[in-house]
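A quick write-up on the structure given underneath.
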Amino acid sequence: NVVRTYGAILDEAVLDELWSHGIYVVMTIYYGYTETVASTIEKVCAIKHHPAVLSWSVGNEWNYTNLAQDISFFDAIAKVGELIDAIKLNDPTRPTTTVYGGMPPESVMNSLSNVDLWGINHYPGTSFGNFFDDWAALTTKPFYFGEYGADAYNGNTNAVDESSQASILGDLTQEIHDNASVN
């Protein structure tokens, strides 16, 4: 009942349609490139009244791309923190999230203590392994998988193998279910 976007949905008719079907949105309000704090806040203020917006999200695997800008990793951390603070000033009613590629190191978690929950993009192969235990040892903050899965291309056979992909996705989804906080 929740979708995550890769950009802001500013068309209220689209948000209305999602809401009419009981679907919430984790709204990526800042992806990177040439966006600014001001343009991000403009988008937040334009749609913060809509009940479909569950949370605000900053970036997608920005640790690999430094927010698609010519800045350092440490500058990207600072930019994410600045954006999260600005979003919270303009909408303190919703949680903020950022989507990180893989397990963030403790230093990043400490630098971004203003993040309410973490989105994690993780493609672990056939199992998440110790990921859930490692996360619990790192922080008490909640996380969700923004992306996970397996490639349809099987390097062992050098061919597309959708049945293996489906099997791996089924196993990973079961691991998520088994480790869900409601369980």
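Quick check on segment 6-55: of everything there that is of a type in the set (S, T, N, Q) and touching a residue at least 40 places away in the same chain (Cβ under 8 Å), which residue is nearest to Val115 (Cα to Cα)?
Step one: of segment 6-55, the residues of a type in the set (S, T, N, Q) are 20, 28, 34, 36, 39-40, 55.
Right, trim to touching a residue at least 40 places away in the same chain (Cβ under 8 Å) and you get 28, 40, 55.
Details: Thr28: 14, Thr40: 16, Ser55: 11 Å.
My answer is Ser55.
Residues in segment 35-56 that are out of contact with any helix residue (DSSP H, G or I) (no Cβ under 8 Å at 6 or more places or on another chain), open to solvent by 10 Å² or more (accessible area, probe 1.4 Å) and closer than 17 Å to Thr5 by Cβ: Glu35, Ser39, Glu42, Lys43, Ala46, Leu54.
The condition of being touching an Asp or Glu at 6+ places or on another chain (Cβ under 6 Å) and among the aliphatic types (A, V, I, L, M) holds for only one of Val44, Val14, Val37, Val80, that being Val44. Taking the residues in segment 84-111 that are within 16 Å of Ile29 (Cβ to Cβ) and in contact with a helix residue (DSSP H, G or I) (Cβ under 6 Å, 6 or more places away or on another chain) as candidates, determine which candidate is surrounded by the most Cβ atoms within 10 Å (Cβ to Cβ). So the residue we want is Thr98.
Report yes if Gly32 is surrounded by 14 or more Cβ atoms within 10 Å (Cβ to Cβ) and either among the β-branched types (Val, Ile, Thr) or part of a loop (DSSP other than H, G, I, E, B) (or both), otherwise no. Criteria met by Gly32. Of all the numbered requirements in (1) in a loop (DSSP other than H, G, I, E, B); (2) at pLDDT 95 or above; (3) open to solvent by 30 Å² or more (accessible area, probe 1.4 Å); (4) in contact with a helix residue (DSSP H, G or I) (Cβ under 8 Å, 6 or more places away or on another chain), Pro124 misses one, and that requirement is (2).
In segment 127-147, which residue that is part of a loop (DSSP other than H, G, I, E, B) and touching a residue at least 12 places away in the same chain (Cβ under 8 Å) is most open to solvent (accessible area, probe 1.4 Å)?
Filtering first and then ranking leaves Pro142.
In the set (1) within 23 Å of Val58 (Cβ to Cβ); (2) out of contact with any Lys or Arg (no Cβ under 8 Å at 6 or more places or on another chain); (3) open to solvent by less than 40 Å² (accessible area, probe 1.4 Å); (4) modelled with pLDDT of 95 or more, Trp118 fails one condition alone, (2).
The values are calculated or read from the model by the stated rules, or taken from the named source; none is laboratory data. Bear in mind the structure is a predicted one, so any value in this text is a computation, not a measurement. As a convention, Cβ positions derive from the backbone with ideal geometry for all residues, glycine included, and neighbour counts pool all protein chains shown. Calculation scope for accessible area: heavy atoms of the full protein, side chains included, ligands and nucleic acids excluded. Shrake-Rupley method; radii C 1.70, N 1.55, O 1.52, S 1.80 Å.
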